[in-house]
Every structure is written in structure tokens, then in C-alpha cells.
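Contents: one structure, followed by commentary.
Just so you know, all these numbers are worked out from the coordinates, no wet-lab data involved. All values derive from a computational prediction rather than experimental measurement. Please note: Cβ atoms are built from the backbone with ideal geometry, for glycine as well, and neighbour counts cover all protein chains shown.
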Amino acid sequence: MNIKSHFTFNKQQRSGILLLLLLIIALLCVYWYMDFSSSADRSDENTLDTSSEEIVSIQKELDSLRIVEIENRKPKKYPFNPNFITDYKGYALGMSNEEIDRLLQFRKEGKWINSIADFKQVTGVSDSLLNEISPYFKFPDWVTNPKPKAASTDYQAEKGFVEKSFTQKTDLNKATQEQLQQVSGIGEALSKRVVSYREKLGGFSNDFQLYEVYGLNDEVVQRALNIFTVKTPKEINKINVNYASASDISTIPGISFEMAKKIWEFRVLREEIGSIQELGKIEGMTERKLQLIQLYLSID
């Protein structure tokens with residue numbers, strides 16, 4: 001075996017080997033004589049100190065913002081009448097199936113829950129859940145604090161009163177300001193207000209709408225309706241209360257958006273209204289206002 005041939009190099013190979021040796025020697029010198037400790041120290045200095053007061057303060061702020069965001073994402077609770085809790089509503093509130101069934105059975109018997117104590121007794125919910133949801137209970141006045149109806153003035157007992165027949169009365173939709181001023185209690189300003197309200201409606205549809213004219217008290221309206229009545233009523237396209245939004249209901253003359261929202265919430269809680277008369281249970285709903293909205297709402 002010719003070993004000598006393995007150690008025979010030409011000029012270029014010898015130059016390459018020499019360059020490689022010089023490079024190795026240079027790297028060894030750098031390794032042995034260069035101080036790397038300063039670089040390590042600088043690396044440590046650049047490391048983020050998470051225990052500093054500034055970092056801790058920022059972390060606390062981020063945590064608080066995270067908690068606020070979590071709370072904002074939770075379903076919001078609004079005041080509601082516990083008499084009209086549905087299966088889904090009860091589940092969302094955290095009630096068990098048994099507690100919901102007890103409530104629904106109680107309501108099927110035609111009974112009403114009039115207080116927080118009644119709700120606890122009927123459903124058997126835990127005190128912790130009751131403390132969480134009871135602040136949102138909203139009982140209408142007709143349940144918790146029924147008020148006697150105010151006695152109306154019997155204007156028919158006035159001296160010299162004679163009730164006119166329908167044919168004897170003047171059409172309220174055609175009455176002039178001068179004719180309206182014939183009624184005791186209606187002057188120039190109020191007669192003008194009646195005509196302006198009539199124009200706003202596009203014509204009266206029912207005598208009850210006269211009660212909505214600002215400044216006319218009941219006695220004056222009753223005297224006026226003995227002289228005037230609606231003989232050419234304006235046709236009204238009724239709104240189905242079971243499908244109407246709060247905005248739709250608020251378009252009814254004399255109904256504020258707040259009352260429209262109460263009507264909408266009442267219908268949503270009961271899922272469906274079977275009779276317009278049921279709306280009389282809404283807080284703030286007067287008998288006269290109920291008669292008025294019956295002109296504009298239907299259940300068909």
C-alpha cells in the first residue's frame with residue numbers, strides 16, 4: 001500500500017491547508033483571550049424585570065380591564081315581572097327545571113306572585129339565587145299597591161243639562177274654532193289647540209282622542225262631547241301588538257316611547273297577548289289610555 005501518495009499535495013492544496021491552520025489558530029486565540037463576561041452582563045441588564053413596580057402596576061391595570069370586559073360580555077339583566085318567567089328565562093336566570101315547573105304550575109292555577117317572599121315560597125329557589133335575581137323583580141302597581149279609582153265628576157247633574165242625541169251633535173272633525181268656543185271652558189287658545197291636534201292626527205277617529213288635547217280637563221271634554229262627536233272618523237290601520245316593536249308602538253299618538261317599551265316588554269315576557277285588555281296590567285296604564293290605544297292595536 002502506497003501511503004506516501006496520501007501526503008503528496010500540489011501548490012494550491014498546500015496553500016489551502018496553511019490558510020485553514022491559520023484560521024483555526026486565530027479562532028483559538030479569540031476564544032482564549034476575549035472576555036465574554038461583559039456581553040453576558042449586558043444581556044442580563046436587557047432582561048425585563050417583571051417584579052418592578054411599573055410592570056406590576058401595568059399588569060394590575062390589564063387585569064382590571066380584562067375583568068371589565070368579561071363583565072360586559074355577560075348577558076345584561078333588565079327589570080322583569082317574575083309572574084311571566086318562561087322556561088328559557090328561568091334557565092337563563094339559573095333556576096332548575098323543578099323550580100321553573102313549580103312557578104309555571106302556580107301560574108296555570110290563575111294565582112299571582114305578589115312579593116319576593118311569594119316567589120321564594122312557590123319556587124323554592126336558594127337564598128343565594130334569590131338575592132341575585134330579586135333586585136330585578138318589578139311588580140306592577142295593580143298587584144302590589146292597587147289604588148281605588150278616583151270618583152269622576154258627574155257633570156250630568158249640572159243644572160240645566162240636557163243630553164243631546166247623536167244626530168243633534170256637530171261632527172267634531174268639522175267643528176270650527178268659533179263653534180268649539182261655545183263650550184264652557186274652551187277659549188280661543190284651547191279651541192286652536194283642538195283644531196291643531198285634529199290636523200296632526202289627520203282627523204279624529206274616536207271621541208276619546210279629545211282627552212289627549214293638552215289643557216282640556218275631563219269636565220270640559222265631557223261638556224264638549226255633549227255638543228260634538230266624531231261622525232266622519234279617520235280610518236286607522238291597526239298594529240298587531242304581538243309582532244310590533246317598541247318603535248312601532250311609539251308611533252301611536254299619546255303613547256310615549258317609555259310606555260311603548262313597557263307594552264313591548266309585557267308582550268315579550270308573556271310571549272303572546274291574547275287580549276288588548278291584558279295591557280291594563282302594565283304599570284302606568286290608565287283605563288282611558290287603554291281605551292285610546294285599542295284604536296291602534298290589535299291581536300289579529
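Tabulated data for the structure shown
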| item | result |
| --- | --- |
| Amide hydrogen neighbours beyond the local backbone of residue 239, cut-off 5 Å, H modeled | 297, 298 |
| Total formal charge among the other residues, if their Cβ is under 9 angstrom from that of residue 173, Lys/Arg +1 and Asp/Glu -1 | +3 |
| For residue 228, residues with placed amide H under 5 Å, excluding near neighbours | 170 |
| Cα-based shape type of the stretch 239-298, given that a ≥ b ≥ c are square roots of the gyration tensor eigenvalues and the cut on a/c is 1.5 | rounded |
| Neighbourhood charge, 11 Å Cβ-Cβ cut-off, centred on residue 230 and excluding it, Lys, Arg +1 and Asp, Glu -1 | +3 |
| Virtual spin-label span in nm between residue 21 and residue 88, 7 Å along Cα→Cβ | 9.0 |
| Tensor-based shape of the stretch 82-144 (alpha-carbon gyration tensor, a/c under 1.5 rounded, otherwise prolate or oblate) | oblate |
| Across 231/262; 138/281; 108/138; 200/231; 200/262; 174/234, pairs whose alpha-carbon gap is larger than 23 Å | 231/262; 200/262 |
